[in-house]
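Beneath this line is the structure, given in structure tokens, with notes to follow.
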Amino acid sequence: MQTLANPTRFMAASQSILPWLAGAAAISLGAGLVLGFAAPPDYQQGDTVKIMFVHVPAVWTAMMAYGLLALASLIGLVNRHPLADLAARTAAPLGAAFTALGLITGSLWGRPMWGAWWVWDGRLTTFLLLLFIYVGYIALWNAIEDETRAARICAVLALVGAVNLPVIEFSVDWWTTLHQGESIFRAGGPLIAPVFLWPLFLMALGYTLLFFVLWIIRIRTEILVRQSRRTAMGISA
Amino acid sequence: MMSFMALVSRDVRLAVRAGGGAALAVAFFAAAATLVPLGVGADLWLLAQIAGGVLWVAAVLAALLSLDRLFQADFDDGSLDIIALSPLSLETISVAKILSHWLTTGVPLTLVSPLLGVLFGLPAKAIAVLSLSLLMGTPAISAIGAIGAGLTLAIRRGGLILPLVVLPLLAPAVIFGAGSVLATLNTMPGGALALLAAYSLAAVLLAPFAVAAAVRLNLGG
């Protein structure tokens, strides 16, 4: 990890690893989709259970993205490393996109299952708040001109958010139990049959790989932008 | 301690005399709450049911209004640099700022809340819980709000970003605060007040470190 912290070495390493990662993402997403569509309809949910294969991995990836964002922020704050700053910055829009994807697919799943596009379910509400945290982070970053300072300040926000998220999750869960009338029965047995588990696993792997592919591309783009800006100003890289 | 008290009293006096601080927050709180019955109708049963939520949301918004003054004015005229140079640590300064913000928003909001509780048709017991929950929960609003104020203090138009950053983080306070009122109203077992107190204590304890870090970064440290 330490050796990758050098931007030049990161560029070289990421260039060789990127095609493999992208290929693996495409294969697992493709296989997951094929298996997912081939999966039999659920005895309770019918064909709508297949929304799970695009919904659940999006939710997992969105949570993982915030974890990585907070981790990169911590490294950026402690070690003052520009690459960690870039990693944190570029993870935010991706995390927001996967959060939005999770919300949209959840809503599409909710329509046939719960009879409404939106219900104030604990997880949905937590995810809506997570989306706002992402948006606040991105807005704050865009509002500060000095990039190094923006990175540090946003890192503080990311860590405050990381401390707060479990509390938000807990409070929203507590809130949904208080509002008993709207509590939701989640269909589906305690065990997921292997026919469902395999596509879910492949899709989760595919989403995760896709996130890393996009993340690396974004970091590379940022590094290139900076290099070209420096060259334009006449400073040799 | 002397300089701590001096800083608090300076900020409180500035808020009261220059910004119209306490009165403005209370007026906003009352005006926003008054609009709700006009919007949803005058059914007192319905109003009592939503009173906890409406008044808590209004209180959070009223407290947010004065947050941008917390550091920005001092930053703009340079006095924040002077304050930072004082023997007090930035963490202590943050505590003083949070305390003075709470004294000029949280306390007055708590004091007028029984009146608004009556207007919303809450029974006496629920009004007591509402005021108690605001008394315990508003320090968390000031503490977490101060983090947002510290993060955005150098942004020229931070007024819009500050609520965006702070509001999602305040969800637990609103949930527990409004939940305690609703639980009392419908005689449900709650524990919401205990959770609110725990949340508020943790926020007041931890926030000064984040505020100090944010201010330090913005002062170019």
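Observations on the model:
- Within the option set B:Ala51, B:Ala32, being crowded, with 20+ Cβ neighbours inside 10 Å, at pLDDT 90 or above and touching a Leu at 6+ places or on another chain (Cβ under 7 Å) holds for one residue only, B:Ala51.
Yes or no, residue by residue, for (1) within 27 Å of A:Gly161 (Cα to Cα); (2) within 14 Å of chain A (Cβ to nearest Cβ); (3) under 9 Å from the mean Cα position of the chain (by Cα):
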site: B:Ala58; (1), (2), (3): yes, no, no
site: B:Glu91; (1), (2), (3): yes, yes, no
site: B:Ser94; (1), (2), (3): yes, yes, no
site: B:Trp102; (1), (2), (3): yes, no, yes
site: B:Leu111; (1), (2), (3): no, no, no
site: B:Pro114; (1), (2), (3): no, no, no
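- Any hit, the range A:150-162, residues being more than 10 Å from every other protein chain (Cβ to nearest Cβ) and surrounded by 22 or more Cβ atoms within 10 Å (Cβ to Cβ): yes
- Residue list for the range A:84-118, filter: β-branched (Val, Ile, Thr) and surrounded by fewer than 18 Cβ atoms within 10 Å (Cβ to Cβ): A:Ile104
- Boolean, B:Ser200 is hydroxyl-bearing (Ser, Thr, Tyr), under 23 Å from B:Ser79 (Cα atoms), crowded, with 24+ Cβ neighbours inside 10 Å and away from chain A (no Cβ under 11 Å): no
- Within the option set A:Ala139, A:Ala97, being assigned to a helix (DSSP H, G or I) and under 20 Å from B:Pro163 (Cβ atoms) holds for one residue only, A:Ala139.
- Of all the residues in the range B:16-64, those that are acidic (Asp, Glu) and either closer than 19 Å to B:Ile98 by Cβ or touching a helix residue (DSSP H, G or I) at 6+ places or on another chain (Cβ under 8 Å) (or both) number 0.
- Inspection of the range B:97-108 finds no residue satisfying the criterion of being part of a loop (DSSP other than H, G, I, E, B) and either farther than 18 Å from B:Ala173 by Cβ or modelled with pLDDT under 90 (or both).
- Residue in the range A:124-145 that is modelled with pLDDT under 85 and more than 10 Å from every other protein chain (Cβ to nearest Cβ) present: yes
- Positions within the range A:67-80 being farther than 20 Å from A:Asp173 by Cβ and out of contact with any helix residue (DSSP H, G or I) (no Cβ under 6 Å at 6 or more places or on another chain), in sequence order: A:Leu71, A:Leu74, A:Val78, A:Asn79, A:Arg80
The values are calculated or read from the model by the stated rules, or taken from the named source; none is laboratory data. What you see is a predicted model; the values in this text were computed from it and never measured. Cβ sites come from the backbone with ideal geometry, for glycine too, and all protein chains shown count toward neighbours.
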